[in-house]
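Beneath this line is the structure, given in structure tokens, with notes to follow.
The values are calculated or read from the model by the stated rules, or taken from the named source; none is laboratory data. Everything numeric in this text was worked out from a predicted model, so none of it was measured. Backbone-built Cβ (ideal geometry, glycine too); neighbour counts: all protein chains shown.
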Amino acid sequence: MRFAYGNDELTVDWRQARPDIIAYSSPPIDDVRIDEALEAALREPIGCPPLSQVARDRKDAVILVSDLTRLCPTARMLPLTLDALNEGGIPDDRIRVVVALGTHRSQTERELLRIAGDAFERVRVLNHSSAPEDCRYIGTTTLGTRIEINRAVLDAELRIAIGNIEPHRLVGVSGGGKALFPGVASSRSIEAHHALSRRFRCVPGFAENPLHRDIEEACAMAPIHFLFNVVADHLRRPLGVFAGDPSEAHREGVRFARRQFLIPVRRRYDVVVASAGGHPKDMQLYQAIKSLENAAGFAEPGGDVLLIARCEEIYGNGVFQTWAETHVDRARAIRELDERFVLGAHKLRLLHRVTQRHNVHLHSDIPEPLAVLLGVRPVYDIQSWIDERLQSHRSIAAIPCAALTFPSSIPNGASASNQV
């Protein structure tokens, strides 16, 4: 069996064992039909006129796109979006593309080129700045989040969001208005919003929760006028396309994504071997922890979880690194994070939750001392590690793409109530 590892693959021999394979199984849209499906979504959108009509009488436009940690095939979607805007009367020189980084690291020029594809030569592609001085206050939500949004985004007459929809542990679902908030918000707005996760728990795959309502309120203050979203697999291949009215199109996309990525937990296993799904979901631990949480959801308490994630960027966040490497009293650090939210360091708290319930092992490019400081056990020879566990005849599950494999106890057609 092969597991993705960065842009490579690792092969595992299960010998005579037959592990249960836990995976989403929907096939992507045929490659020769992808552009046709994207064009059709723009031409016949959900709940609103085509983008070319929406663009009429608008003097300029801004398009929000994801960074490379996300699975959106932006390079295929962006040229089609520009063509529709041109048809509606907005030329390329009055269109800006802003990478909705939130507080993620800036993308290099080479990475911006990878994101935009052929559109990079047509329009300006910029990194969002979360510095408060580059954002403008536009209001406060019911939960008290002060909303500060990128000035250039606010000043545009037409706002379009391109992205992908998948379950999300913090706000329930990604895509939709998340491109605007927290995507192009100030760092202090983002931290205030993320801090709500200490008060409210969300169910992945469901938008009916306080954190997502916080996003919706922010979007009411600075509306996205047209949504262009996909549900994509771990290779960025679209499974479905959803464009049009931001609320209606997103709602349909969420229902579709739920059917693809929420996997019922029918049993728990003594051993779970999981790949994050390769690049980009294993670029850094900041992203790969999400895969670890998913994998652990299929493991028995006290069971072994092996995460296969390259993590060539190691942490992916400076605050996370500082807390992991310098807060030597881990119990005290976790108590502090229980009392106050620290953006970046919150990942250490999430990791701690998993390591307290399971034996967490990690095959990665992270140096051994750093893995030990994180509270995980580095594994260098995966085959030997697996052979040792096969000898004990324990129950084993393999997850080829844990980033998109969400354990669920809720039937796909049901709704989820919030726990406060």
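Residues in the stretch 1-28 that are modelled with pLDDT of 95 or more and among the polar types (S, T, N, Q) were compared, and the one that is surrounded by the most Cβ atoms within 10 Å (Cβ to Cβ) is 7. Just wondering, is there one or more residues in the stretch 347-364 that are modelled with pLDDT of 95 or more and touching a Ser or Thr at 6+ places or on another chain (Cβ under 8 Å)? Checked against the condition, which is being modelled with pLDDT of 95 or more and touching a Ser or Thr at 6+ places or on another chain (Cβ under 8 Å), the stretch 347-364 yields no hits at all.
Which residues, taken from the stretch 355-402, are in contact with a Cys (Cβ under 9 Å, 6 or more places away or on another chain) and either surrounded by fewer than 16 Cβ atoms within 10 Å (Cβ to Cβ) or of a type in the set (A, V, I, L, M) (or both)? Please lay out each step first, then the result.
Of all residues in the stretch 355-402, those in contact with a Cys (Cβ under 9 Å, 6 or more places away or on another chain) come to 362, 364-366.
Across the stretch 355-402, the qualifying residues are 362, 365, 366.
Looking only at the stretch 191-207, count every residue that is part of a loop (DSSP other than H, G, I, E, B) and either polar (S, T, N, Q) or closer than 15 Å to residue 407 by Cβ (or both) and tell me the total. The total comes to 5. Within the stretch 155-171, residues that are closer than 15 Å to residue 257 by Cα reach partners that are of a type in the set (Gly, Ala, Ser) and outside any loop (DSSP other than H, G, I, E, B) with beta carbons closer than 6 Å, at six or more positions or on different chains, in the pairs 163/179; 164/232; 165/253; 165/257; 166/257.
Just one of the numbered conditions (1) among the hydrophobic types (A, V, I, L, M, F, W, C); (2) assigned by TED's automatic domain parsing to the domain that holds residue 388; (3) assigned to a loop (DSSP other than H, G, I, E, B); (4) within 24 Å of residue 234 (Cβ to Cβ) is not true of residue 10: (3).
Considering the stretch 376-394, and only residues there that are part of a loop (DSSP other than H, G, I, E, B) and either among the basic types (Lys, Arg) or more than 30 Å from the chain's Cα centre (by Cα) (or both), the residue that is nearest to residue 352 (Cα to Cα) turns out to be 394. Of all residue pairs spaced 6 or more apart or on separate chains, those with beta-carbon atoms under 8 Å, a first member in the stretch 104-123 that is more than 22 Å from residue 94 (Cα to Cα) and of a type in the set (Ser, Thr, Tyr) and a second member that is buried (at least 16 other Cβ atoms within 10 Å of the Cβ) and at pLDDT 95 or above are 106/127. Restricting 227, 211 to those that are on the phi < 0 side of the Ramachandran plot, assigned to a strand (DSSP E or B) and either of a type outside the set (A, V, I, L, M, F, W, C) or touching a His at 6+ places or on another chain (Cβ under 8 Å) (or both) reduces the list to 227. The number of residues in the stretch 304-341 being in contact (Cβ under 8 Å) with a residue 60 or more places away in the chain, crowded, with 20+ Cβ neighbours inside 10 Å and over 14 Å from residue 286 (Cβ atoms) comes to 3. Scanning the stretch 250-258 for any residue that is within 23 Å of residue 398 (Cα to Cα) and not assigned by TED's automatic domain parsing to the domain that holds residue 377 turns up at least one such residue. Confirm whether residue 191 is over 15 Å from residue 227 (Cβ atoms) and out of contact with any strand residue (DSSP E or B) (no Cβ under 9 Å at 6 or more places or on another chain). The answer is yes for residue 191. Residues that are part of a helix (DSSP H, G or I) and farther than 13 Å from residue 26 by Cβ within the stretch 230-257 comprise 246, 247, 248, 249, 250, 251, 252, 253, 254, 255, listed in sequence order.
If you go through the stretch 258-287 and pick out every residue that is part of a loop (DSSP other than H, G, I, E, B) and over 21 Å from the mean Cα position of the chain (by Cα), you end up with 4.
Against the numbered list (1) outside any loop (DSSP other than H, G, I, E, B); (2) within 19 Å of residue 45 (Cβ to Cβ), residue 90 comes up short only at (1).
Residue check: residue 92 meets all listed conditions (1) at pLDDT below 95; (2) acidic (Asp, Glu); (3) in contact with a Lys or Arg (Cβ under 9 Å, 6 or more places away or on another chain) but one, namely (1). Checking each residue in the stretch 26-59 for being aliphatic (A, V, I, L, M), farther than 14 Å from residue 73 by Cα and part of a loop (DSSP other than H, G, I, E, B) picks out only 55. Restricting 162, 90, 147 to residues that are under 12 Å from residue 65 (Cβ atoms) and either in contact with a Ser or Thr (Cβ under 7 Å, 6 or more places away or on another chain) or surrounded by 22 or more Cβ atoms within 10 Å (Cβ to Cβ) (or both) narrows the list to 162.
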